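K.L.:
Attaching a single structure in structure tokens format; questions to follow.
The values are calculated or read from the model by the stated rules, or taken from the named source; none is laboratory data. As the structure is a computational prediction, the values presented were derived from the model and not from experiment. Every residue, glycine as well, gets a Cβ built from its backbone with ideal geometry; the counts of neighbours run over all protein chains shown.
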Amino acid sequence: MKKYSWRVCLFGFLSDFIGALFLLGVFEGISLIGEHMIDSGNKATGLKIARWAGSGMINVWQDPLTFIIAAVGVGISALLIWTFNKRMLRKNTEIGEENARYIAKWLTIVTAPYLYLIPVYFGG
């Protein structure tokens, strides 16, 4: 089991990175929509959308939608962590299907990227 620890870490980091790319893509995509609206003449609405997306990347607690988007990012990462770990444990060790699921579940709960939910900036 020890010789597979580095793989567990590597796949965990890969899962976190994919979740972060999801969050970046969503917020940057929404920001680009706002900028496009500004360019096409709908300046007031475009500014609101672009500012909302920009502040959503800094503080996910600003409104329920930004929190839901961040929670989906955490969920995507957690699902990938669980899938990668379960598959790796099942294929490379002789611990059995039930134990592989149990270990993968607890690795997912403990190592999911909950830091996505912590605001970067608390100031006013």
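K.L.:
Is it the case, given these coordinates, that residue 49 is hydrophobic (A, V, I, L, M, F, W, C), over 23 Å from residue 16 (Cβ atoms) and in contact (Cβ under 8 Å) with a residue 24 or more places away in the chain?
P.N.:
Against the criterion (hydrophobic (A, V, I, L, M, F, W, C), over 23 Å from residue 16 (Cβ atoms) and in contact (Cβ under 8 Å) with a residue 24 or more places away in the chain), residue 49 does not qualify.
K.L.:
Can you tell me which residue within the stretch 16-54, out of those that are more than 27 Å from residue 79 (Cβ to Cβ) and of a type in the set (Ser, Thr, Tyr), is surrounded by the fewest Cβ atoms within 10 Å (Cβ to Cβ)?
P.N.:
If we take residues in the stretch 16-54 being more than 27 Å from residue 79 (Cβ to Cβ) and of a type in the set (Ser, Thr, Tyr), then 40 is surrounded by the fewest Cβ atoms within 10 Å (Cβ to Cβ).
K.L.:
Do you know which residues across the stretch 92-105 are exposed (fewer than 11 other Cβ atoms within 10 Å of the Cβ) and modelled with pLDDT of 80 or more? Show your work before the answer.
P.N.:
Residues of the stretch 92-105 exposed (fewer than 11 other Cβ atoms within 10 Å of the Cβ): 94, 97-98.
97, 98, listed by residue number.
K.L.:
Report the residue count in the stretch 105-121 for those that are in contact (Cβ under 8 Å) with a residue 60 or more places away in the chain and among the hydroxyl-bearing types (Ser, Thr, Tyr). Write out each step before concluding.
P.N.:
Taking the stretch 105-121 as the starting set, the residues that turn out to be in contact (Cβ under 8 Å) with a residue 60 or more places away in the chain are 107, 111, 113, 116, 119-121.
When the remaining residues are screened for being among the hydroxyl-bearing types (Ser, Thr, Tyr), the result is 111, 116, 121.
The qualifying residues number 3.
K.L.:
Let me ask something additional. Among the residues of the stretch 55-87, which ones are buried (at least 19 other Cβ atoms within 10 Å of the Cβ) and basic (Lys, Arg)?
P.N.:
86 - this is the single residue of the stretch 55-87 that is buried (at least 19 other Cβ atoms within 10 Å of the Cβ) and basic (Lys, Arg).
K.L.:
OK, next. From the list 66, 108, exactly one residue is modelled with pLDDT of 90 or more, hydroxyl-bearing (Ser, Thr, Tyr) and either over 22 Å from residue 13 (Cβ atoms) or not in a helix (DSSP H, G or I) (or both). Which is it?
P.N.:
Only one candidate qualifies: 66.
K.L.:
Residues in the stretch 1-12 that are loosely packed, with under 12 Cβ neighbours inside 10 Å and assigned to a helix (DSSP H, G or I): how many?
P.N.:
Going through the stretch 1-12 one residue at a time, the tally reaches 5.
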